[in-house]
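Each reported figure results from applying straightforward, stated rules to the coordinates on display, with no laboratory input. Because the structure is a prediction, the values reported are computed rather than measured. Quick reminder, even Gly has a Cβ in these numbers, built from the backbone with ideal geometry, and neighbours come from all protein chains shown.
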Amino acid sequence: MPPTAAKKKKLKVPASVRKRFEDYIDKKNRKCWTWKGSRTEDGYGQFWLNEGKVVKAHRFAYEIFVRELGPRERLKNICKDKNCMNPECWQPFTIGEPIAMTRVRRKKS
């Protein structure tokens, strides 16, 4: 976990928004929580937060269940299921990290 991650808190949203969001998630007997709401053209869940604001469902789930993400942070899907909302199946990384790690590996070879 990045050093700044410990300082960040869960995203606070009104209880009504959180309930509406969780109503779209099927958590029944599964490691992966299935998104039942609408999806983007590339297959990821999307959630209408309020009028005119649509958010990525997996990112919103991570932020309300685990912690807020920074503007340069993204989530890597570990389970490979685009419809999964379980934050345990998403790993945060900062833009540029995977490239930097690849460069280090190449230099060692």
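Length gained on full extension, GLU41 to ARG72, computed as 0.36 nm times the residue gap minus the Cα-Cα distance: 8.9 nm. Each peptide among 61-67, 32-38 gets the average number of other Cβ atoms lying within 10 Å of its residues, and from highest to lowest they stand as 61-67, 32-38.
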